[in-house]
Protein chains: 2
Amino acid sequence: MSLLNNIRVVLVNPLYGGNVGSICRVMANTGLKQLALVTPSNLNLQEARMLACNAWSIFEQHREFATLAEAVADCGLVAGTSVRPGLYRAHARSPREWAPTLLEAARKAPVALVFGREDNGLSNEDLTLCTHFIRIPSTPEYSSLNLAQAAMICCYEIYLASNEFVPGAEKSPEAPAELRERMFAMWEETLLAVGFMEREKALHMMLGIRRIFARGLLTVDDVKILMGMARQMRWKIDRLAEHAPDAFPDGTE
Amino acid sequence: MSLLNNIRVVLVNPLYGGNVGSICRVMANTGLKQLALVTPSNLNLQEARMLACNAWSIFEQHREFATLAEAVADCGLVAGTSVRPGLYRAHARSPREWAPTLLEAARKAPVALVFGREDNGLSNEDLTLCTHFIRIPSTPEYSSLNLAQAAMICCYEIYLASNEFVPGAEKSPEAPAELRERMFAMWEETLLAVGFMEREKALHMMLGIRRIFARGLLTVDDVKILMGMARQMRWKIDRLAEHAPDAFPDGTE
């Protein structure tokens, strides 16, 4: 079972259905499933549903509690988010720093990730229930994140730390030098054939071309496309030359 | 000047004012300032303003363009976000992987961070204008992020990579062993005085107490608080004992 199943998002007194719905989508995007609400306001459910999009089932399965203490009663690690300075908050670390700790704790007991109300954040009373404090990096000019955005950052960092995301790999492997050299040889012949450069300057010109083509990664597929281009241009030139023997009567070709 | 000033968030055909407003707040949270809109829909400006909160000035300073080509005309690196698979998208990397590259490119020319429309993302035509492709990690079950959430992740990664965020440091340094030992000695005396343990078992009991107190980091401030607790308990006990010589007449004290 995924450790992510053991991480509970707890929203204390959320005011806006839109934020709660957005957080459902965030949770589905990042593999989390447990949503707990502590005495939510009279949420606008239409807005919640619209922003949850295809993650409405997370809202439907949420649990409600009268107090934060009850919502986290079975949890070991309880992580609270806060941007305000204060006694506890001096111990805060970033979501990236805490994510591995949260996942490790989730092996043994449910872990709570606690967010306060949109306008006030977590109260000091709520913070006393937290064992860990999270401070999301933001500018001093505007440090306060929207609730759903704060949840996004925390859930995203936990999801990445879980290593459950498998990045789409480059399907084609990097081209080996031998293949790359055959490709450059084809381009050299073609560029000579079209008169882009003279033979005595070919080495110098090709250094420039090599630099352009190989500045980034060149995969086998990339090299095959480049070979196809050179081959087709060469073919076209040769055919045209056959049928237009008088195109360059003065021999400037 | 901060490199972040040279990174432009470009929204192609955004539909919802709420998302555009949210993205203004995201930008303010992460130190970005340049917002460009490509043929936006008839945006709900009231919603935009509500969600921008204290970042409305970013919306007020935005520029509008008829095409993506015009919006990025002066940019070097143009990074497009996409979750759909496809020819270009196989080269996509995560925001964390590309962030240093974007910042490096921002030293020389404006850099564009391009997001498509809420329902369709970026078209293939838009993607041809991109030099780099970003794939935000998300679950295969629900890979599509809300537009403002996608912007949050990208801007957050760029902000972190810029190293402009200075985490609030623990103000008090870690307690040196000598101070820690004086604190444990005070607790030992106090716990003996209250009869919590007998002298012959003190060493063993204190190992448990040490483990509890020193499981996490103990700062100088922490140790001073713990010393204050022990000292005060000891003082209270001694005063009471002076005034209540007959409290333990059988000598069990």
Inset, instruction - On a 0 to 90° scale, report how tilted helix A:220-243 is relative to the longest principal axis of chain A, with both axes built from alpha carbons and the result rounded to the nearest 10. - result: 30
Legend entry - DSSP-defined antiparallel bridges as percent of all bridges, the protein assembly as shown, nearest 5: 10
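Considering only DSSP beta bridges with both partners in chain B, what is the antiparallel share in %, to the nearest 5? Please list the in-between numbers first.
Details: 2 of 22 bridges.
Roughly 10 percent of the beta bridges in chain B run antiparallel, per DSSP.
Just subtract the alpha-carbon distance of A:SER2 and A:GLU178 from 0.36 nm times their residue separation and send over the number in nm, one decimal. Show your work: numbers first, answer last.
Numbers: separation 176, 0.36 × 176 = 63.36 nm, distance 4.46 nm.
Here the segment from A:SER2 to A:GLU178 would lengthen by 58.9 nm.
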Inset, instruction - Could you list which residues have their amide H under 5 Å from that of B:LEU129, counting only those 5 or more apart in sequence or on another chain, with H placed in the peptide plane? - result: none
Legend entry - Residues in region B:136-154 occluded by at least 40 Å² - accessible area, probe radius 1.4 Å, against chain by itself: B:PRO137, B:THR139, B:TYR142, B:ASN146, B:GLN149, B:MET152, B:ILE153
Legend entry - Heavy-atom accessible surface of region A:177-243: percent carbon and sulfur, 1.4 Å: 60
Legend entry - Protein accessible area in region A:3-161, 1.4 Å probe - carbon and sulfur %: 51
Inset, instruction - Compute the label-point distances linking B:GLU200 to its equivalents in the other copies; points lie 7 Å from Cα along Cα→Cβ; give nm, one decimal, shortest first. - result: 10.6
Inset, instruction - Show which lysines lie in cross-link reach of A:LYS108 when reach means a straight Cα distance below 20 angstrom and same-chain residues fewer than eight apart are skipped. - result: A:LYS33
Inset, instruction - Name the shape class, rounded, prolate or oblate, that the alpha-carbon gyration tensor gives for region A:3-161, where a ≥ b ≥ c are the square roots of its eigenvalues, rounded holds for a/c under 1.5, and otherwise prolate holds if a/b is larger than b/c and oblate otherwise. - result: rounded
Inset, instruction - Just report the Cα centroid separation between region B:33-79 and region A:186-249, whole Å. - result: 43
Inset, instruction - For region B:1-106, calculate the relative contact order in percent as a whole number, restricting contacts to Cα pairs under 8 Å that are 6 or more residues apart. - result: 28
Legend entry - Between 0 and 90°, nearest 10: helix B:95-105 axis offset from chain B longest Cα axis: 60
Inset, instruction - Anything losing 40 Å² or more of accessible area from the isolated chain to the full protein assembly: pick those residues out of region A:158-199, probe 1.4 Å, ligands and DNA/RNA ignored. - result: A:TYR159, A:PHE165, A:GLU170
Legend entry - Sequence-separation-based contact order of chain B, relative, with Cα cut under 8 Å and 6+ spacing, percent: 19
Inset, instruction - Could you name the residue in chain A with the C-beta closest to the rotation axis that superposes chain A on chain B, along with the separation in whole Å? - result: A:MET152, 3
Legend entry - Heavy-atom accessible area, 1.4 Å probe, ligands and nucleic acids excluded: residues of region A:18-40 down by at least 40 Å² from chain alone: A:ARG25, A:ASN29
Inset, instruction - Could you tell me how many degrees, from 0 to 90 and to the nearest 10, lie between the Cα long axis of helix B:177-193 and the main elongation axis, the longest principal axis, of the Cα atoms of chain B? - result: 50
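At 1.4 Å probe size, with every protein chain present, just tell me what the per residue accessible area of region A:177-243 comes to in Å².
Working: 4610 Å² over 67 residues.
Result: 69 Å² per residue.
Taking the solvent-accessible surface of protein heavy atoms with a 1.4 Å probe, what is the per residue accessible area of region B:3-161 in Å²? Numbers along the way, then the final one.
On the way: 6410 Å² over 159 residues.
Normalised by residue count, the accessible surface of region B:3-161 is 40 Å².
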Inset, instruction - Would you work out if region A:134-205 is rounded, prolate or oblate? Take a ≥ b ≥ c from the square roots of the eigenvalues of the alpha-carbon gyration tensor; rounded if a/c is under 1.5, else prolate when a/b is larger than b/c, oblate otherwise. - result: prolate
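Could you compute the FRET efficiency for B:ALA244 and A:GLU141, with r as their C-beta to C-beta distance and R0 at 56 Å, rounded to 0.05?
On the way: r = 61 Å, r/R0 = 1.08.
After rounding to 0.05, the efficiency reads 0.40.
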Inset, instruction - At a probe radius of 1.4 Å, figure out the B/A buried accessible area, summed over both chains, and give it in Å² to the nearest 100. - result: 3300
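The values are calculated or read from the model by the stated rules, or taken from the named source; none is laboratory data. In this text, all values refer to a predicted model and were calculated from it rather than measured experimentally. Cβ coordinates were reconstructed from backbone atoms using ideal geometry, including for glycine residues, and neighbour counts include every protein chain displayed. Note: accessible area is taken over every heavy atom of the protein model, side chains too, but ligands, DNA and RNA are not part of it. Shrake-Rupley method; radii C 1.70, N 1.55, O 1.52, S 1.80 Å.
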